[in-house]
Amino acid sequence: MNARGKVVTRFAPSPTGHLHIGGARTAVFCMLLARHYGGRFLLRIEDTDLERSRQEYTDSILASMRRLKLDWDGDPIFQKDRFDIYNSGIDRLLASGHAYWCGCSPEEVEAMREKARSEGKKPRYDGRCRTLGLGPGPGRSVRLAAPREGRIEFDDMVKGHLSFDASELDDMILRRSDGSPTYNFSVVVDDAAMNVTHVLRGDDHVNNTPRQILIYRALGAELPVFGHVPMILGPDRQKLSKRHGAKAVIEYDKDGLLPDALVNYLVRLGWSCGDREIFDRDELVRLFDGNNLNRSPAAFDPQKLLWVNAEHLRRAAPETLLPELLPFLREYGLEKADEKLVLACIRILQARVRTLTDMAGQMRPLLTPAAGLTYESGALESLTPEARRHLAELRGRLAGAKDFDRDALHAVIQAHVEEKDVKFKAVGQPLRVALLGSVNGPDIAQVMQAVGRDDALAKLDRALELTTPMRQPQHQARLP
Ligand code: GLU
């Protein structure tokens, strides 16, 4: 492809549902192709199905695209505003003889199809109105005078050379008897008007393409390059659905996935670049040239998606994660936590978690002051008298430590461990319980450095206080 500077792609969702994995992947491909060649990426909302289209879905699709930073050029185009344009296109085809009025009722057409079927032929409209010279009238539709023979061929960006027999296609309806334009017609009029050079879409549309090519020809419009990407399957190679863990893009947001990670994951469902898995956005724009689109369908794998997200979290600059994390901290009422502390916590956790949800959850004890810390069940109970003695002694050592950074704190703990001749765990675990309320968690010296001396000591004090053995009241001791 050497179309540098001239490439125009478009994403054309129908607002009959939220943006899902498959649609999002198509949008990502179209965006990357345009950006790679320094071209334009356009958005068209295909809302001609007035019954099934809903404003809330349009809003949701646009929000999902913004969230994934799939920024389109110019204003989106809405098909329902363009009926006049489609109708004037149909009038032009009627005037040039490429289209004709048809007076057959749906029942008559069905009877023709039935007859063809019974003769073992492909069910089709037999073209009987083509030569009747009918004009407009109630119940009349407009049909394309399609060629009866020859082949319709094109080189698909994904599937290679494709060829269809014209005799397989009948004279398709362009305008229904209620005056509305048909889907294939409006798509072609728009793609031509928007100067789209590359139509990349799911291969559920591949059978529309020969029909659309006939419309391009009739309109005298230049053909774009077509590319049909295979559908995404579930891990069981069946049609992808909710039961495979596939969700709408907005739902992944709630799960704590980073937009760049989702884009990265989606791109790899149908495109490859050697065996590389992790790409940032700039790299994708640089590398995605429309080649290496996979012919065979990819399977959606939620575990891999989490892995890709973990990789993006690990590699991200902590400052970029801060705004992403805020909504998750808000869940715990911690969105106002000190920014420097949150950044320090991000540095500690970003290589340990797979999602922002995990990150916020693990950050919670670090951001919560001693008085509000909660303890996992069994955590305080694990503080034996021996563990409490370690904590009490360490409290003294930590209070007197000259420096309160990771290395110094490690040295303090290590010195205690050596002096007492115990395993690190004997000290590390009680410390973790006191500081995090849990026996698991990140490096304890890092945690203490992040929260600072005052908070660390306050948390040790609280753990000691909560586990102070109750003095047995005298009178109880005397009971049998
Ligand atoms: N509106 C169609 C869809 O959502 C897309 C058509 C196209 O890309 O040509 O499947």
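What follows draws every value from the coordinates through simple rules; no lab data is involved. What you are looking at is a predicted structure, and each value in this text was computed from that prediction instead of being measured. Here Cβ is always computed from backbone atoms with ideal geometry, including for glycine, and neighbour counts include all displayed protein chains.
Once the principal axes of the Cα atoms of region 276-338 are found, what is the range along each, listed largest first in whole angstroms?
Over region 276-338, Cα extents along the principal axes are 48, 25, 16 Å.
So for region 144-184, averaging the separation of alpha carbon pairs under 8 Å that are six or more residues apart and normalising by length, what relative contact order in percent results?
36
Could you list Asp282, Asp47 in order of exposure, starting from the residue whose Cβ has the fewest other Cβ atoms within 10 Å? Intermediate values should be presented prior to the final figure.
Numbers: Asp282 9, Asp47 20.
Least crowded to most crowded, the residues run Asp282, Asp47.
Roughly speaking, what is the centre-to-centre gap between region 313-341 and region 103-135 when only Cα atoms are used, to the nearest Å?
64
To the nearest Å, what is the center-to-center distance of region 386-403 and region 245-263, using C-alpha atoms only?
About 44 Å separates the Cα centre of region 386-403 from the one of region 245-263.
Tell me the relative contact order for region 291-361 as a rounded percent, counting alpha carbon contacts under 8 Å between residues six or more apart.
43
Could you calculate the contour length gain from Glu107 to Val439, that is, 0.36 nm times the residue separation minus the distance between their Cα atoms, to one decimal place in nm?
My answer for the length gained is 112.2 nm.
7 Å from Cα along Cα→Cβ at both Arg52 and Ile85: what's the point-to-point distance in nm?
2.3
Which of the lysines could a cross-linker span from Lys402 if the Cα-Cα distance has to be under 20 Å and same-chain partners fewer than 8 positions apart are dropped?
Lys402 reaches Lys459.
Could you list which residues have their amide H under 5 Å from that of Val229, counting only those 5 or more apart in sequence or on another chain, with H placed in the peptide plane?
Amide H neighbours of Val229, under 5 Å, 5+ apart: Arg201, Gly202, Asp203.
Roughly speaking, what % of Cα-Cα pairs in region 54-119 are separated by over 15 Å, rounded to a whole number?
For region 54-119, the fraction of Cα-Cα distances above 15 Å is 74 percent.
May I ask you to sort Met448, Met65, Met112 by Cβ crowding, counting other Cβ atoms within 10 Å and putting the fewest first?
Met112, Met65, Met448
Enter the mean projected area of the convex hull around the alpha-carbon atoms of region 6-149, in nm², rounded to one decimal.
With the hull built on Cα positions only, its mean projection is 12.4 nm².
Which residues' amide hydrogens lie under 5 Å from the amide hydrogen of Cys273, considering only partners 5 or more residues apart or on another chain, with H built in the peptide plane?
Close amide H contacts, sequence-distant or interchain: none at all.
Can you give me the long-range amide H partners of Phe11? Hydrogens built in the peptide plane at 1.01 Å from N, cutoff under 5 Å, separation of 5 or more residues or another chain.
Here the answer is Leu42, Leu43, Arg44, since their amide H atoms fall under 5 Å of that of Phe11.
Using every Cα-Cα pair within region 178-235, state what percent have a distance larger than 12 Å.
Details: 1125 of 1653 pairs.
I get 68 percent for the Cα pairs in region 178-235 exceeding 12 Å.
Take the alpha-carbon positions of region 342-480, form their convex hull, and give its projected area averaged over all directions (one quarter of the hull surface) in nm².
The Cα convex hull of region 342-480, projected and averaged over all directions, gives 10.3 nm².
Just the projected area, averaged over all directions, of the convex hull on the alpha carbon atoms of the chain: how many nm²?
Orientation-averaged projected area of the Cα hull: 35.1 nm².
Relative to the compact-globule scaling 2.2 N^0.38 Å, provide the ratio for the alpha-carbon radius of gyration of region 299-407.
Scaled against compact globular proteins, the figure is 1.31.
So in the chain, which Cys have no other cysteine's beta-carbon sitting under 4.7 angstrom from theirs?
Cys30, Cys104, Cys273, Cys345
What is the extension gain from Glu419 to Glu319, computed as 0.36 nm multiplied by their sequence separation minus the C-alpha to C-alpha distance, in nm to one decimal?
Working: separation 100, 0.36 × 100 = 36.00 nm, distance 4.04 nm.
Here the segment from Glu419 to Glu319 would lengthen by 32.0 nm.
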